[in-house]
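Okay, structure first, notes after.
The values are calculated or read from the model by the stated rules, or taken from the named source; none is laboratory data. Just so we're clear, the structure is a prediction, and the values are computed from it rather than from any experiment. When we count neighbours, we look across all protein chains shown, and the Cβ atoms used for this are built from the backbone with ideal geometry, even at glycine. Surface accessibility is based on the protein's heavy atoms, side chains included, excluding ligands, DNA and RNA. Shrake-Rupley method; radii C 1.70, N 1.55, O 1.52, S 1.80 Å.
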Amino acid sequence: MTTPPGSILLVLVASFIGSFGAVFLKVGAGRLKHGLWHILNVNLALGVAFFLLSSVFFVLGIRHGELSVLYPMVA
């Protein structure tokens, strides 16, 4: 079984979006040192949203490709 280029592209897009999710989570979590009430902030919500979107792209990508080829691209 070969991995289609579309699957590779979807996994690369997922990795790119996931990297933005990590940045927004870090910025949003930095506000938590001021108290737990700050858990409701835009950066934290964007981080979670980007990670969820990244997961959707990743699952769509691995549906038709080989996991042993696609998963190392995420790292």
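Going highest first, how would you order 8-17, 25-34 by mean Cβ packing within 10 Å?
8-17, 25-34
Quick one: pull the percent of accessible area on the range 12-64 belonging to carbon and sulfur, 1.4 Å probe, ligands and nucleic acids left out.
Percent of accessible area from carbon and sulfur atoms in the range 12-64: 78.
Could you tell me the relative contact order of the range 12-64? Use alpha-carbon pairs under 8 Å, at least six residues apart, and round to a whole percent.
Over the range 12-64, the number comes to 49 percent.
Take the Cα radius of gyration of the chain and divide it by 2.2 N^0.38 Å, with N its residue count; two decimals is plenty. Display every interim value, and only then the final one.
Numbers: Rg = 15.2 Å, N = 75, 2.2 N^0.38 = 11.3 Å.
Normalised Cα radius of gyration, the chain: 1.34.
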